[in-house]
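Q: First the structure, then my questions, so here it is.
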Amino acid sequence: MKHKDYYNDQYILDLSKRLSSVLPRFDKKTFSKELLGKLDDKELFARFDSIVDAMEKCMDNDYTKNVRAFHEMLGPELPKPEGMFSYGWWLWPLSRYVERNGNIDWSLSLEFLKELTKRFTGEYAIRPLLKEHPREVMDELILWTADKNVHVRRLASEGVRIRLPWSQKLLVPLEEFERYTIILTKLKDDPNKFVQKSVGNNLNDLYKEAPEKAELIITHWNKLKSSEAQEWIIKHGMRNQRISESNLNQAPFLIETSPPTDIF
């Protein structure tokens, strides 16, 4: 099944029940009328936008109240690193709502995304917050790098990717490069492959946008205590780079590999 096909009429009915359970004034009838039978010809993000349009029409115009209600809908945290892209799909329209409106209260939004990412990704919704409040949000992400929850640590990295698939380019990491470097450096020895892959993808993105800055980070890391995680991250981050003599001198364990075809 394609991702978009998950968001069908049955999903709309189920989401309507969930929303009305935490928002007593939610207009279930209008919500269903707006969406049932009207999503089949739309692609994935167009479906999200149609759902969020209907949500906004059927909820009170109170962002803080709505997001606090969303907290009550989240359900249990994922018990393992795996499962984010297996069990949390129903939450994406909530994330899209925050992505669209989050800067109304960026601090509350960031708090919500920290909880959301323990069930489903918040990497798209955090990007508008970074654009409007780069230093404040990145300072919080630096704290997240030490969180005990692997999904929170992963979002600290994935949220600041320059070239996140399915998203517009984010230049904040280049503008706040010191903070960006701190985030990646604090995660370079993370024991979990889910986090390591995200950090490596950050380096890969950075090589495409500002290769000299990627080299700066790797040179800095090679002056610090190394680890298997760091070596894997650098190898993953440089997977699209030619192995020049300079690169070999900086990271002798590197080998050239083909880029992965998967998004997640």
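The numbers here are math on the coordinates, done by the rules we state, and not lab data. Small disclaimer: the values here were computed from a predicted structure and weren't measured. So basically every Cβ, Gly included, is an ideal-geometry build from the backbone, and we count neighbours across all protein chains shown.
Q: List the relative contact order of the chain as a percent without decimals, with contacts defined as Cα pairs under 8 Å and 6+ residues apart. Don't jump to the answer; show the numbers that get you there.
A: Numbers: 319 pairs, mean separation 29.9, N = 264.
That works out to 11 percent.
Q: What percent of all Cα-Cα pairs in segment 133-222 falls into each 10 Å bin, going from 0 up to the bin containing the maximum distance?
A: That works out to 18, 56, 26, 0, in percent per bin.
Q: If I take every Cα pair under 8 Å that is 6 or more residues apart in segment 25-87, average their sequence separation and divide by the length, what percent do I get for the relative contact order?
A: On the way: 22 pairs, mean separation 22.6, N = 63.
Taking the mean separation of contacting Cα pairs over the length of segment 25-87, I get 36 percent.
Q: For segment 11-95, just list the percent of Cα-Cα distances falling in each 5 Å bin from zero outward, please.
A: The distribution over segment 11-95 is 3, 13, 25, 24, 18, 12, 4, 1, given as percents.
Q: Enumerate the lysines that LYS65 could reach by cross-link, defined here as Cα to Cα under 19 Å, with residues fewer than 8 away along the same chain left out.
A: LYS17, LYS28, LYS57, LYS114
Q: Which residues does the label zone of LEU13 cover in segment 40-59, counting backbone N under 17 Å from a point 7 Å along Cα→Cβ?
A: So the set is 40.
Q: Sticking with this one: Between LEU143 and LYS2, what is the label-to-label distance in nm when each label sits 7 Å out along the Cα-to-Cβ direction?
A: Those two pseudo-labels are separated by 4.2 nm.
Q: Taking the convex hull of the alpha carbon atoms in the chain, what volume per residue do you get, in Å³?
A: Looking at the chain, the number lands at 122 Å³ per residue.
Q: Quote to one decimal, in nm, the extra length available between LEU174 and SER86 on full extension: 0.36 nm per residue of separation minus the C-alpha distance between them.
A: Working: separation 88, 0.36 × 88 = 31.68 nm, distance 3.26 nm.
Stretched out fully, the LEU174 to SER86 stretch lengthens by 28.4 nm.
Q: I've got another one for you. Suppose R0 equals 45 Å; then what is the FRET efficiency for LYS208 and LYS33 from their Cβ-Cβ distance, rounded to the nearest 0.05?
A: 0.50
Q: Right, something else. Suppose the chain between GLU77 and GLU136 were pulled fully straight at 0.36 nm per residue; how much longer would it get relative to their current alpha carbon spacing? Before the final figure, lay out the partial values.
A: Numbers: separation 59, 0.36 × 59 = 21.24 nm, distance 2.60 nm.
Working it through step by step, the gained length comes to 18.6 nm.
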